[in-house]
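Here is the structure we will look at.
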Amino acid sequence: CINYANERLQQQFNWDIFKAEQAEYAAEGIEWAGIDFVDNQRCLDLIDRKEAMGLLHLLDEECAIQRGTDEKFAQKARERHASHADFEAPKRDQLSFSIRHYAGAVTYLCTGFRDKNKDTLHQDLGALMQTSASALVLALFPTDAPTAPHGARRAKGKGSDKMTTGSQFMTQLASLMRTINATDVHYVRCVKPNTISQPALFQVTHVAHQLRCAGVLEAVRISRMAYPNRMPHAAFVLRYALLLGRDWQAGHAEQL
């Protein structure tokens, strides 16, 4: 799930930095050559697109089947997405597959996927938590499990109204993205200087790889091609008015 969240956040970064910047330059009539960048929508479709039975929806479907297994999920994933450009399945290990994320390929072992996605909690443990005197604990273990919204996958059988972990994560991530889209976004990129967690050690190749995968280098290129330094009109006039001569300054003294 963390890789899926990173993939979605990277798409938002692409939109804010690349697509939005290019659209603004075009609207202002700035002559410049467009920059091609890696759009990870294809990888996101592989993970969460319902119409294409993305991997998370495929896993929910397998959890809904009483006799579903991790092996069957891995097999279905291989059969359905074998031709996908960002999906790769090794022939020797039938329980694993790889996804080409924007930062590189990651191999996933399907063992335990169904149990983790069901997120089942023993009834006795839930009943025990309900006897706690802490309001926080009571809120974390409600008597009634949260029900799945319309269209979300549910597990059949006992406790069928409970959402799977994958469905909950997709719902929460979608809510987060709506919040981000409603705000004025500023990005802070954290870069790991080395791979051995040592102070005062800067591995150039490792840092360059992170900047390249995160799209930072392309973002800098886009800014440099137009107007990378932007300032309010009033501040601009105050700073550069001296270049216009004394007559102009005398006629616009109220702006200075």
| task | Please calculate the 1.4 Å probe accessible area of TYR108, with all protein chains present, and give it to the nearest 10 Å². | result | 50 Å²
| the chain - Rg (one decimal) and Dmax (whole number), Cα, Å | 25.6, 87
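GLN10: net charge of surrounding residues, Cβ under 15 Å, Lys/Arg +1, Asp/Glu -1, itself excluded? Before the final figure, lay out each step's value.
Details: positive: ARG8, LYS19, ARG42, ARG100, ARG189, ARG212; negative: GLU7, ASP16, ASP39, ASP45, ASP48, ASP86, GLU218.
Residues close to GLN10 contribute a combined charge of -1.
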| What accessible surface, in Å², does a 1.4 Å probe find on ASP60, ignoring ligands, DNA and RNA and rounding to the nearest 10? | 0 Å²
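Using a cut-off of 12 Å between beta-carbons, work out the net charge of the residues near GLU24 (Lys and Arg +1, Asp and Glu -1, GLU24 not included). Each step should come with its number before you reach the end.
On the way: positive: LYS19, ARG230; negative: ASP16, GLU21, GLU28.
After counting each charged neighbour, the total is -1.
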| request: Mind checking the per residue accessible area of the chain for me, 1.4 Å probe, whole number of Å²? | output: 67 Å²
| task | Keeping the other protein chains in place, figure out the carbon and sulfur percent of the accessible area of the chain, with a 1.4 Å probe. | result | 56 percent
| note | The answer for the net charge of residues other than ASN117 whose Cβ lies under 9 angstrom from its Cβ, with Lys and Arg +1 and Asp and Glu -1, is -1
| request: Starting from the Cα gyration tensor of segment 19-134, take the square roots of the eigenvalues, sort them a ≥ b ≥ c, and report rounded, prolate or oblate (rounded when a/c is under 1.5, otherwise prolate if a/b is larger than b/c, else oblate). | output: oblate
| task | Taking all protein chains together and a probe of 1.4 Å, list VAL237, VAL204 from the most accessible to the least accessible. | result | VAL204, VAL237
| How many angstrom separate the Cα center of segment 98-133 from the Cα center of segment 230-256? | 62 Å
| request: Would you tell me the accessible area of PHE113, worked out with a 1.4 angstrom probe on the heavy atoms of the protein chains, in Å² to the nearest 10? | output: 50 Å²
| said: Using a 1.4 angstrom probe on the protein heavy atoms only, could you order LEU109, LEU211, LEU217 from most to least accessible area? | reply: LEU109, LEU217, LEU211
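The values are calculated or read from the model by the stated rules, or taken from the named source; none is laboratory data. Quick caveat: nothing in here was measured; it's all calculated off a predicted structure. As a convention, Cβ positions derive from the backbone with ideal geometry for all residues, glycine included, and neighbour counts pool all protein chains shown. For accessibility, only protein heavy atoms count, side chains too; no ligands or nucleic acids. Shrake-Rupley method; radii C 1.70, N 1.55, O 1.52, S 1.80 Å.
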